[in-house]
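The values are calculated or read from the model by the stated rules, or taken from the named source; none is laboratory data. Because the structure is predicted, anything quoted here is derived from the model rather than measured. Glycine also receives a Cβ, built like all others from the backbone with ideal geometry; neighbour counts cover every protein chain displayed.
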Amino acid sequence: MNKKIAIIILNWNGWKDTIECLESLYQITYSNYDTIVVDNDSKDDSINKIKEYCEGKIEVRSKFFDYDSSNKPIKNIEYTREETEVVDREMKFENHPSNQKLILLKNEINYGFAEGNNIAIRYALKALNPDYVLLLNNDTVVDKDFLSELAKVGESDKMIGVVGPKIYYYDEPRRLWAIGDPNGRYKIDTSQYNDIVEVKVIVGCAFFIKASIIDKVGLLDPDLFLYGEENDYCIRVMNAGYKLHFAPKSTIWHKVSLQGDRLKPYQVYYSCRNSIILTYKNYNGIKFYIHLSTYFLIDVPLYLLRFLKSGRCNLIIPMLIGLNDGILWCLGIVQAGENRHKKIR
């Protein structure tokens, strides 16, 4: 099995995380992949820093691997968003080994997670003709066999649409963050989740999509901008008759805090706003009212209590604005793509 895979990494002011992710990718055992970094108008000199890494000028240090200088320099090509729209087939280095090439896409504004990835997906499908597309967070480190294991599960059933790996906390490498089942979060891995199983959701941190279903299901919803895109996409995949599967032998590590103390106001805003939008989009009739009532009567008070107990009262206003904007979107008063979040700090 040597299916072609396009790996898309979205970068926004996070080049240090991105080059650690890239270095782990360039050491995997799978041999037929293209790596795309799409930059959402970073202001931290990310593009130049990533190029310096490719040239071998920045040596990446990590507790998960040793730096490999043997594949440097890594050949890279660069496109603006407009240029990606006219590239029909990528031939500039199609014969290069997978671990010696990188495609850089530069967006002129921050399109958010959804449309930022969509720009790269459209380019990949047209120019690279992959069998699978993997959306991978830049703040991850991957195991050397992770891609082979994702492909094995994806190929095991033609009705599998999306596959997700076993994800651990970066700071606690045996503590689970995601297994396709929220009941596993925070637990120490004692091999209790080692079965390939069908699940109801795959987190967007590592989202392995069969390319053939993208024509049927479409791209990520750009209105969501940030957070909840994978939930929405998973529902659409299942509604189209396809399945989601968890691949336990595929493992990665994610830089996310156990305490949640890294939450930023804009993250709270989008999480709350999109929770309401997702409910409106995907549930009808009595189910809509049940889900919405549960969110406001249980989830929202728990958020408030959490913010108060942790001394993060600065997150309450973004939460309330997000809830308000979610309701206004459902009523057709505001568009979800508006950049009100820029006023939230």
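The table below gives the values:
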read-out: Residue within region 89-111 that is out of contact with any Ser or Thr (no Cβ under 9 Å at 6 or more places or on another chain), under 20 Å from residue 215 (Cα atoms) and exposed (fewer than 13 other Cβ atoms within 10 Å of the Cβ) present; value: yes
read-out: Those residues of region 1-55 which are touching a residue at least 60 places away in the same chain (Cβ under 8 Å), surrounded by fewer than 18 Cβ atoms within 10 Å (Cβ to Cβ) and of a type outside the set (Lys, Arg), in sequence order; value: 1, 27, 29, 31, 32, 41
read-out: Selection status of residue 83, farther than 17 Å from residue 144 by Cα and modelled with pLDDT under 95; value: yes
read-out: Region 185-212: number of residues that are under 12 Å from residue 245 (Cα atoms) and of a type in the set (A, V, I, L, M, F, W, C); value: 9
read-out: Residue match in region 215-222 (condition: closer than 17 Å to residue 169 by Cβ and assigned by TED's automatic domain parsing to the domain that holds residue 138); value: no
read-out: Candidate set: region 282-294, residues that are surrounded by fewer than 18 Cβ atoms within 10 Å (Cβ to Cβ) and in contact (Cβ under 8 Å) with a residue 12 or more places away in the chain; chosen: the one farthest from residue 234 (Cα to Cα); value: 291
read-out: Region 202-235, subset touching a strand residue (DSSP E or B) at 6+ places or on another chain (Cβ under 7 Å) and in a loop (DSSP other than H, G, I, E, B), residue farthest from residue 137 (Cα to Cα); value: 202
read-out: Sole exception among (1) closer than 28 Å to residue 226 by Cβ; (2) surrounded by fewer than 21 Cβ atoms within 10 Å (Cβ to Cβ) for residue 59, by number; value: (1)
read-out: Lone unmet requirement of (1) more than 18 Å from the chain's Cα centre (by Cα); (2) of a type outside the set (Val, Ile, Thr); (3) assigned to a loop (DSSP other than H, G, I, E, B) for residue 51; value: (3)
read-out: Leading residue by the ranking (surrounded by the fewest Cβ atoms within 10 Å (Cβ to Cβ)) among those in region 179-216 that are modelled with pLDDT of 90 or more and small (Gly, Ala, Ser); value: 191
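Yes/no per residue for (1) closer than 30 Å to residue 266 by Cα; (2) β-branched (Val, Ile, Thr):
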position	(1), (2)
104	yes, no
113	yes, no
147	no, no
156	no, no
159	no, no
163	yes, yes
179	yes, yes
188	no, yes
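Condition check ((1) in contact with a strand residue (DSSP E or B) (Cβ under 6 Å, 6 or more places away or on another chain); (2) at pLDDT below 95; (3) assigned by TED's automatic domain parsing to the domain that holds residue 127) across all residues:
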| site | (1), (2), (3) |
| --- | --- |
| 10 | yes, no, yes |
| 14 | no, no, yes |
| 21 | yes, no, yes |
| 27 | no, no, yes |
| 37 | yes, no, yes |
| 45 | no, yes, yes |
| 52 | no, no, yes |
| 90 | no, yes, yes |
| 93 | yes, yes, yes |
